[in-house]
Amino acid sequence: MGQWVAVAPAQGFGPGEHRLGEVDGVRVAVFNIEGEFLAIEDLCTHDGGTLADGSLQGVVVACPRHGARFCLRTGAALSAPAFEPTACMSVRVREGQVEVRDERW
Ligand code: FES
């Protein structure tokens, strides 16, 4: 199992915002969804687009390139043109830092 990695201070990380980080060599995007922090690999499985800048609707992010939608809770691809999930990461807040862990390792 991977290590917890601090990605951003929790303070000033408001609802609707996101932060980028790197965990075990994987680029991750962390989102604040109405006070809940959710993290996924910042990689659209359709053609490698960055999901961090996608539009949010609840816990769903739409890839800004061709519009594939992903669930931030599970990483599941919810609509074409993506069919494979992106990785979902665990998140916690410790000592004021939003920390992310990749459970795949
Ligand atoms: S790269 Fe994301 S939908 Fe095509």
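The values are calculated or read from the model by the stated rules, or taken from the named source; none is laboratory data. Here the structure is a predicted model, which is why all the values come from computation and not from measurement. Here the Cβ positions follow ideal geometry from the backbone for every residue, glycine too, while neighbour counts run over all protein chains shown.
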Problem - Tally, over the stretch 1-26, of residues that are closer than 17 Å to Leu51 by Cα and assigned to a strand (DSSP E or B) - result: 8
Exercise for the section: For the stretch 77-93, enumerate the residues that are in a loop (DSSP other than H, G, I, E, B) and within 14 Å of the ligand (Cβ to nearest atom). Expected result: Leu78, Ser79, Ala80, Pro81, Ala82, Phe83, Glu84, Pro85, Thr86
Handout entry: Selection status of Arg92, basic (Lys, Arg), buried (at least 17 other Cβ atoms within 10 Å of the Cβ) and either in contact with a Pro (Cβ under 6 Å, 6 or more places away or on another chain) or within 20 Å of Glu17 (Cβ to Cβ) (or both)
Key = no
Handout entry: Scan of the stretch 50-60 for residues that are of a type outside the set (S, T, N, Q), outside any strand (DSSP E or B) and surrounded by fewer than 19 Cβ atoms within 10 Å (Cβ to Cβ), ordered by number
Key = Ala52, Asp53, Gly58, Val59
Practice task
Might you check whether a residue that is assigned to a loop (DSSP other than H, G, I, E, B), farther than 15 Å from Asp42 by Cα and touching a strand residue (DSSP E or B) at 6+ places or on another chain (Cβ under 8 Å) occurs anywhere in the stretch 61-76?
Solution key: no
Handout entry: Pair list, Cβ under 6 Å, 6 or more apart: the stretch 43-71 residue at pLDDT 95 or above, other residue part of a strand (DSSP E or B) and not hydrophobic (A, V, I, L, M, F, W, C)
Key = Ala52/His18; Val60/Arg69; Ala62/Ser55; Ala62/Arg69
Practice task
Determine whether the stretch 41-49 contains at least one residue that is surrounded by fewer than 16 Cβ atoms within 10 Å (Cβ to Cβ), over 26 Å from Gln3 (Cα atoms) and of a type outside the set (Lys, Arg).
Solution key: yes
